[in-house]
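The values are calculated or read from the model by the stated rules, or taken from the named source; none is laboratory data. This one's a predicted model, so the numbers in the text were calculated from it and none came from an experiment. No Cβ is skipped: glycine too gets one built from the backbone with ideal geometry, and neighbour counts run over all protein chains shown.
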Amino acid sequence: MLRVKNLSFQYGKREILKGINLELEKGQLLSVVGPNGVGKTTLLKCVLHILQPTEGDVTVEGKDTARISSRERAKHLAYVPQAYPFKFPMSVFDTVLLGRIPHINWNPDPNDIRKVLAVLETMGLESVSLHDFDQLSGGQKQKVILARALVQETDYLLLDEPTNNLDLKHQLEVMELLRLKARENRIGIMVAIHDLNLACQFSDMVVMMKGGEVLCSGEPCKVMTCENIRFIYGVEVRSVTTNGNRYFVPAKAL
């Protein structure tokens, strides 16, 4: 289990996160939602120790992540950031192969190559595998970075806006893939996401944040209510159910 306990973070004197508690089990897809500036990205970076929490602990499988090496952490936690380098002069294949670094002692072996090819096929990227990363579209780049994280074969995967830059079809494909990987490969996946409808449709658990704190957490059907959305976002919404899936339709800003 990935456990975050009483985690707080400050930029100077400004408190960004306040006493965050959450748990993520293998096989679960957990979405973190909330307005811009609420601390979703900061939370992911603190879990990964890209930023050092002011207070609190993060443990993975009972290990304090602050007390293990970055290489050991990379065997447990993979990260897909919201933004990527504008210039990344490598082929798609080599970019994805970078995800195997925590497992490679010296040079990649045939097993590493097979895993990269398998993920490229899963992501529909075989046709661009020899293309330069920086020549791809924004959506293709997003899928390549996701493929790199998947080939890392970690216990837990953290993604910041994974559907960013993707059209509607590819948003659904990526979220369906993440849910499938969580369940089939027993990966715990944490997603910071703006789209409430995608979070509601694909998540096992949802954490709703406001003002750097967790307002509520639980199954989407229990915590994603019109009342909570109105309180957090200041927007009146109505709930619509179609084909067994619940969607939120904005009515007006308050």
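Summary table below
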| item | result |
| --- | --- |
| Condition met for Glu72 (surrounded by fewer than 20 Cβ atoms within 10 Å (Cβ to Cβ), touching a residue at least 40 places away in the same chain (Cβ under 8 Å) and in the same structural domain as Lys181 (by TED's automatic domain parsing)) | no |
| One residue from Arg179, Arg186 being at pLDDT 90 or above, part of a helix (DSSP H, G or I), under 19 Å from Leu29 (Cα atoms) and under 19 Å from the mean Cα position of the chain (by Cα) | Arg179 |
| Number of positions in the range 129-143 that are modelled with pLDDT under 90 and surrounded by 15 or more Cβ atoms within 10 Å (Cβ to Cβ) | 6 |
| Selected residue (criterion: nearest to Thr54 (Cα to Cα)) from residues of the range 197-212 that are assigned to a strand (DSSP E or B) and not charged (D, E, K, R) | Met209 |
| Helices (runs of 4 or more DSSP H) within the range 30-119 that include 3 or more residues among the β-branched types (Val, Ile, Thr) and under 16 Å from the mean Cα position of the chain (by Cα) | 40-48 |
| Filtered residue count, the range 93-118, keeping only those that are under 13 Å from Gln152 (Cβ atoms) and basic (Lys, Arg) | 2 |
| Failed criterion for Ala118 (all others in (1) aliphatic (A, V, I, L, M); (2) in contact with a Pro (Cβ under 9 Å, 6 or more places away or on another chain); (3) loosely packed, with under 15 Cβ neighbours inside 10 Å hold) | (2) |
| The range 17-41: number of residues that are among the hydrophobic types (A, V, I, L, M, F, W, C), modelled with pLDDT of 95 or more and farther than 24 Å from Leu177 by Cβ | 2 |
| Among (1) in a helix (DSSP H, G or I); (2) small (Gly, Ala, Ser); (3) in contact with a Leu (Cβ under 7 Å, 6 or more places away or on another chain), the one test that Ser217 misses | (1) |
| Residues of the range 16-29 that turn out to be assigned to a loop (DSSP other than H, G, I, E, B) and surrounded by 21 or more Cβ atoms within 10 Å (Cβ to Cβ), as a count | 1 |
| Hey, Ala251 small (Gly, Ala, Ser) and not in a helix (DSSP H, G or I) or not | yes |
